[in-house]
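Only the coordinates and a few stated rules stand behind these numbers; no lab work does. Every value quoted in this text rests on a predicted model; they were computed, and no experiment measured them. With ideal geometry, Cβ positions are generated from the backbone for all residues, glycine too; neighbour counts draw on all protein chains shown.
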Amino acid sequence: VRTFYRQIRDILEMKRVGDEAFRNGENDDAIASWTRAVEICNNENPQFVSKLCLNRATALAKMKKYTESVADCTTAIKLNATYVKAYLRRAESYMALGGPEYIQLAVSDYEKLMEVETEEANMDSIKDKLKKVSARSIIIALPAVAQHLVFHSFINSVLLLFSATSTYYAIQAQ
């Protein structure tokens, strides 16, 4: 019983130290403390571990380590499939990574949020973010679409020219 009590005390202390370090802008120290708390907790309390993982993800995002932030958010979501803040942070990290594939993943997270969020007040904010992300994905896709269209226009022009030239020579040969 004493070992269990000591373990809980150590976990809560590591969380407190991490929270304080984060408030002071000491993100590396915060991440280290929260990591230690996760190790001590050993997934015995998935809700608590998911909170610690989200805390780390937030600190990592502040340090612009978005890939690591996504990984911690994913862990938090695996431990708590309805953790709204984890989906939000992961979507924001995907957006920061940029690129069409990450933006599509952000859209997927916002769509999932529409399913798991229960508070109506938050739904409008999520809908707005989903609209912005969707618009951004269209803007990012435009250069590729334009390049595709230009290429096809060029090919069509060459084929049309070839066809016209062939027709011209066929008529000349008669």
Karplus (6.51, -1.76, 1.60) ³J(HN,Hα), θ = phi - 60°, over segment 93-109, in Hz, Gly and Pro reported as x: 5, 4, 4, 5, 5, x, x, x, 5, 6, 5, 5, 5, 5, 4, 4, 5
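From the cross-link list LYS62/LYS85; LYS15/LYS85; LYS51/LYS85, which pairs have alpha carbons spaced over 20 Å apart? Before the final figure, lay out each step's value.
Working: LYS62/LYS85 15 Å; LYS15/LYS85 18 Å; LYS51/LYS85 9 Å.
From the list (LYS62/LYS85; LYS15/LYS85; LYS51/LYS85), the Cα-Cα distance tops 20 Å for no pair.
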In Hz, Karplus ³J(HN,Hα) per residue of segment 40-47 (6.51, -1.76, 1.60; θ = phi - 60°; x = Gly, Pro): 5, 5, 6, 6, 6, 10, x, 5
Segment ARG23-MET114, length gained on full extension (0.36 nm per residue, minus Cα span): 29.7 nm
Loop sites in segment 26-76: GluC sites (Glu not before Pro), DSSP, at most 16 other Cβ within 10 Å: GLU26, GLU44
Separation of alpha-carbon centers, segment 23-73 and segment 85-108, rounded to whole Å: 18 Å
³J(HN,Hα), Karplus 6.51/-1.76/1.60, whole Hz, each residue of segment 71-78, x for Gly, Pro: 4, 5, 5, 4, 4, 4, 5, 4
